[in-house]
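The values are calculated or read from the model by the stated rules, or taken from the named source; none is laboratory data. What you see is a predicted model, and the numbers here were worked out from it, not measured in a lab. Note that each Cβ is placed from the backbone with ideal geometry, even for glycine, and that neighbours are counted across all protein chains shown. Ligands, DNA and RNA are excluded from the accessible area calculation, which covers all protein heavy atoms including side chains. Shrake-Rupley method; radii C 1.70, N 1.55, O 1.52, S 1.80 Å.
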Amino acid sequence: MKKNIHPNYHAISVTLTNGEKFETRSVYGKEGEVINLDIDPLTHPAWTGGGQKLVDSAGQISKFKKRYSFKS
């Protein structure tokens, strides 16, 4: 490896929204720093599958459904 071009890779602590903690290695911050997550796989709708809502601005979804709906 070339010298003086790579970031410092060190241990940090990550705290999830429910208070659970784990150690990992990262280039973030300094040795021993703690990251407190506001959004994580335990609470985000992308991982939990809930809270999906479509916002129909100016009827775009309605126009799409009307244009591309299959008629039986």
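With all protein chains in place and a 1.4 Å probe, the accessible surface of the chain carries 55 percent carbon and sulfur. Based on Cα contacts under 8 Å between residues 6+ apart, the chain shows a relative contact order of 23 percent. Counted residue by residue at 0.36 nm each, then reduced by the alpha carbon distance between them, the extension gain from H44 to K66 reaches 4.7 nm.
Counting only aspartates and glutamates at least 8 places from K66 when in the same chain, those with an alpha carbon closer than 16 Å to its own are D56. Counting only Cβ charges, +1 for Lys and Arg and -1 for Asp and Glu, the dipole size of the chain around its Cα centre is about 760 debye.
For I35, nonlocal amide neighbours, meaning residues 5 or more places apart or on other chains whose placed amide H falls under 5 Å from its own, are S13, V14, T15. At q = 0.19, 0.21 Å⁻¹ the log10 of I(q)/I(0) for the chain amounts to -0.88, -0.97, computed by Debye summation with a single uniform scatterer per C-alpha, solvent ignored.
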